[in-house]
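K.L.:
Just passing along the structure, written as structure tokens.
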Amino acid sequence: MLGKKKPIKIEFVSEIKGVAEMFPVLKASQYKRKWVASAMADYKKTRKDNDRQSYFVRCPGAFALFRQGYILTAWYDVSIITKKGEEGFAWKFPIKDKLDNDLGGSPIEAQPDSIAKWIPKRPNQISSFVKINSPLHVIAPKGVKLLFLPVPYPEQFDFESSMGILDPSESTELNVQLHWYKEDGEVIIKAGTPLMYILPLYDGAEDIEVNTRDANEKELEFLKTVDYFHSFSFEPYKYRNKIKKLYEKYFLD
């Protein structure tokens, strides 16, 4: 009998006492979006009269993002102040210099022009990155990397994380580069605010072969069956497990 597969262990460790207890890296499922609760309530209220119209809560792709991966949150309150027409930004913390001393350097920085200058900007985006330096580091097995992305479907739009892949063997630092979209005024980021979405990656993706071709008879038969599964019910999302099993029967057995 084969033994149980040993899970891959990724550890986030803090160099500052108390941060791991107060603001640990969250499972994506732990970030509860208020708008999702509102959408679910509206769907339950209206679905009795819903004649198979599209509805967000039926979208499996979006909700998979809510269940997989991790969320890095802010570990302190900070006020970011920008002024239109001026370069950079100013910031304030609850206790001046306290976080600098704990971290051994500034917990927030404006990235130099040599880094930010050449990256295309969206309308109303300030020229600098707002870099949030974190006391958290990641320790992961060989071959595991972390994909950094903006938080999916957030509830605020003044900033979002940049994208990149971190190889812990090259750097263990979990810092966040924020694109900033508030050109003029103050934004307060409260401790615990989601800043960045993290998705673990594993070596071997470079060995995947990709091909584009016409569907064969077996694949067309599968697609025709799936089309029926999608069409016979007012609530087709209830039958996603049937489709999964059908996929396994056709292609994985």
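The values are calculated or read from the model by the stated rules, or taken from the named source; none is laboratory data. Note that the structure is a prediction, hence the values are computed from the model and not measured. When the accessible area is computed, the model is the full protein with side chains, heavy atoms only, and any ligands, DNA or RNA have been set aside. Shrake-Rupley method; radii C 1.70, N 1.55, O 1.52, S 1.80 Å.
K.L.:
How far, in nm, would the chain grow between residue 228 and residue 91 when pulled straight, counting 0.36 nm per residue and subtracting the alpha carbon separation?
P.N.:
Between residue 228 and residue 91, full extension yields an extra 43.6 nm.
K.L.:
If ligands, DNA and RNA are left out, what is the accessible area of residue 10 with a 1.4 Å probe, given in Å² to the nearest 10?
P.N.:
Roll a 1.4 Å probe over it and residue 10 shows about 50 Å².
K.L.:
What span do the alpha-carbon atoms of the chain cover on each of the three principal axes, reported in whole Å from largest to smallest?
P.N.:
65, 51, 38
K.L.:
Name the residues whose placed amide hydrogens come within less than 5 Å of the amide hydrogen of residue 74, ignoring near sequence neighbours (fewer than 5 apart) on the same chain.
P.N.:
Long-range HN contacts for residue 74: 192, 193, 195.
K.L.:
If you scale each eigenvalue of the Cα gyration tensor by 5 and take the root, what three semi-axes come out for segment 122-253, rounded to whole angstrom and sorted largest first?
P.N.:
One finds semi-axes of 40, 23, 15 Å for segment 122-253.
K.L.:
When the chain is fully extended, how far beyond the present Cα-Cα distance does residue 121 get from residue 211, taking 0.36 nm per residue of separation?
P.N.:
Between residue 121 and residue 211, full extension yields 29.0 nm more.
K.L.:
Normalising by the residue count of segment 69-217, find the relative contact order in percent from Cα pairs under 8 Å and 6+ residues apart.
P.N.:
Value for segment 69-217: 34 percent.
K.L.:
Of 118, 180, 91, which is the most mobile in a GNM of the chain whose springs link Cα atoms less than 10 angstrom apart?
P.N.:
Top of the fluctuation ranking is 118.
K.L.:
If you plug each phi of segment 155-164 into the Karplus form 6.51 cos²θ - 1.76 cosθ + 1.60 with θ = phi - 60°, what whole-Hz ³J(HN,Hα) values come out, in order, with x for Gly and Pro?
P.N.:
10, 9, 9, 7, 7, 7, 5, 6, 10, x
K.L.:
On to the next question. Computed on alpha carbon atoms, what radius of gyration and Dmax characterise segment 35-179, expressed in Å?
P.N.:
For segment 35-179, the Cα-based Rg and Dmax read 19.4, 60 Å.
K.L.:
Can you show me the helix-derived [θ] at 222 nm for the chain, built from DSSP H runs with n ≥ 4 at -39,500 (n - 2.57) apiece and divided by the number of residues, rounded to the nearest 500.
P.N.:
-6000 deg cm²/dmol
K.L.:
Here is a follow-up. How big is segment 149-222 on each of its three principal axes, counting only the C-alpha atoms and giving the largest first in Å?
P.N.:
Sorted largest first, the three principal extents are 60, 33, 21 Å.
K.L.:
Continuing with this model, one more query. Using a 1.4 angstrom probe, figure out how much accessible area the chain has per residue, in square angstrom, rounded to the nearest whole.
P.N.:
For the chain, the solvent-accessible area averages 68 Å² per residue.
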